[in-house]
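Worksheet for the structure shown next.
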């Protein structure tokens, strides 16, 4: 079944650790996105990619980095986690802009930095 | 600058009632208006979407009403059920230039009480 997968679902990690949040999709979508969702529900775009070797920063400044070496894989890395990074991280993907297909979201990774 | 304003922030409706969530946008280049539904612990899921060339779209109990001149659109949930309790996000996107960056509203937490 075509879907988008995020791992881990939950992560508690100490300050200063390096972490990578995984996101993979099996739909062949060329566009992928990372959103940060705060407790007040709002979704903030932090990174996006329109294809392999293409990555851009989103509207919300983030200390994280992303890579897109394969179409299906869009991992997010924090080199040195801080308590301010505690949040829910959502990965999404979409097909070509023609026809304006909606986003497909993963279930998210809830990150807690202690 | 928030380009899509959503209200109310929270909504309590009795079972069988009509839930109404409103959104207003500023960017006249937006040409696709989706609504997303998010349950706790899950990512948002595309619920229904409309393009500005129609004034209404209905799918089951969910209806989008669109007013292009007022730059407003709304989601109506008829015969609301406890299973509809979730957070709802309106969104808008501009497909020009080959990009499909979506601007989300701030979300409405709906609670349907028996």
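For residue B:11, the criteria (1) assigned to a loop (DSSP other than H, G, I, E, B); (2) farther than 29 Å from residue A:7 by Cα; (3) in contact with a strand residue (DSSP E or B) (Cβ under 7 Å, 6 or more places away or on another chain) hold in every case but one, which is (1). In region B:14-33, the qualifying residues are those that are in a strand (DSSP E or B) and at pLDDT below 95, and the one that is farthest from residue B:73 (Cα to Cα) is B:32.
Conditions tested, residue by residue: (1) modelled with pLDDT of 95 or more; (2) within 14 Å of another protein chain (Cβ to nearest Cβ); (3) surrounded by 20 or more Cβ atoms within 10 Å (Cβ to Cβ).
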| residue | (1), (2), (3) |
| --- | --- |
| A:60 | no, yes, no |
| A:69 | yes, no, no |
| A:77 | yes, no, no |
| A:84 | no, no, no |
| A:97 | no, yes, yes |
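Total residues in region B:62-98 satisfying the condition of being crowded, with 16+ Cβ neighbours inside 10 Å and within 12 Å of chain A (Cβ to nearest Cβ): the figure is 10.
The numbered conditions (1) surrounded by fewer than 19 Cβ atoms within 10 Å (Cβ to Cβ); (2) within 30 Å of residue B:53 (Cα to Cα); (3) in contact (Cβ under 8 Å) with a residue 24 or more places away in the chain are all true for residue A:5 except (2). For region B:93-114, a residue qualifies if it is at pLDDT 70 or above and out of contact with any helix residue (DSSP H, G or I) (no Cβ under 9 Å at 6 or more places or on another chain), and the qualifying residues are B:93, B:94, B:101, B:102, B:103, B:104, B:105, B:106, B:107, B:108, B:109.
Are any of the residues in region A:30-37 over 10 Å from the mean Cα position of the chain (by Cα) and farther than 18 Å from residue B:42 by Cβ? Taking every residue of region A:30-37 in turn, at least one turns out to be over 10 Å from the mean Cα position of the chain (by Cα) and farther than 18 Å from residue B:42 by Cβ. As a summary of the residue check, residue A:107 satisfies the conditions (1) closer than 20 Å to residue B:106 by Cβ; (2) within 11 Å of chain B (Cβ to nearest Cβ); (3) assigned to a loop (DSSP other than H, G, I, E, B) except for the one numbered (1). When the residues of region B:27-61 are filtered to those that are over 15 Å from the mean Cα position of the chain (by Cα) and within 10 Å of chain A (Cβ to nearest Cβ), which remaining residue is surrounded by the most Cβ atoms within 10 Å (Cβ to Cβ)? Of everything passing the filter in region B:27-61, B:43 is surrounded by the most Cβ atoms within 10 Å (Cβ to Cβ). Working carefully through the options A:89, A:50, find the one that is within 19 Å of residue B:46 (Cα to Cα) and within 12 Å of chain B (Cβ to nearest Cβ). Only one candidate passes the filter, namely A:89.
Going through (1) surrounded by 14 or more Cβ atoms within 10 Å (Cβ to Cβ); (2) at the interface with chain B (Cβ under 9 Å from one of its Cβ atoms); (3) free of Cβ contacts under 8 Å to residues at least 12 places away in the same chain one by one, residue A:40 falls short only on (1). Quick one: would you say residue A:70 is in contact (Cβ under 8 Å) with a residue 40 or more places away in the chain and out of contact with any helix residue (DSSP H, G or I) (no Cβ under 6 Å at 6 or more places or on another chain)? No: the conditions fail for residue A:70.
Of the residues making up region B:47-59, not a single one is closer than 18 Å to residue A:103 by Cα and touching a residue at least 60 places away in the same chain (Cβ under 8 Å).
The values are calculated or read from the model by the stated rules, or taken from the named source; none is laboratory data. Note that the structure is a prediction, hence the values are computed from the model and not measured. Methodologically, a virtual Cβ is constructed for each residue, glycine included, from the backbone with ideal geometry; neighbour enumeration extends over all protein chains shown.
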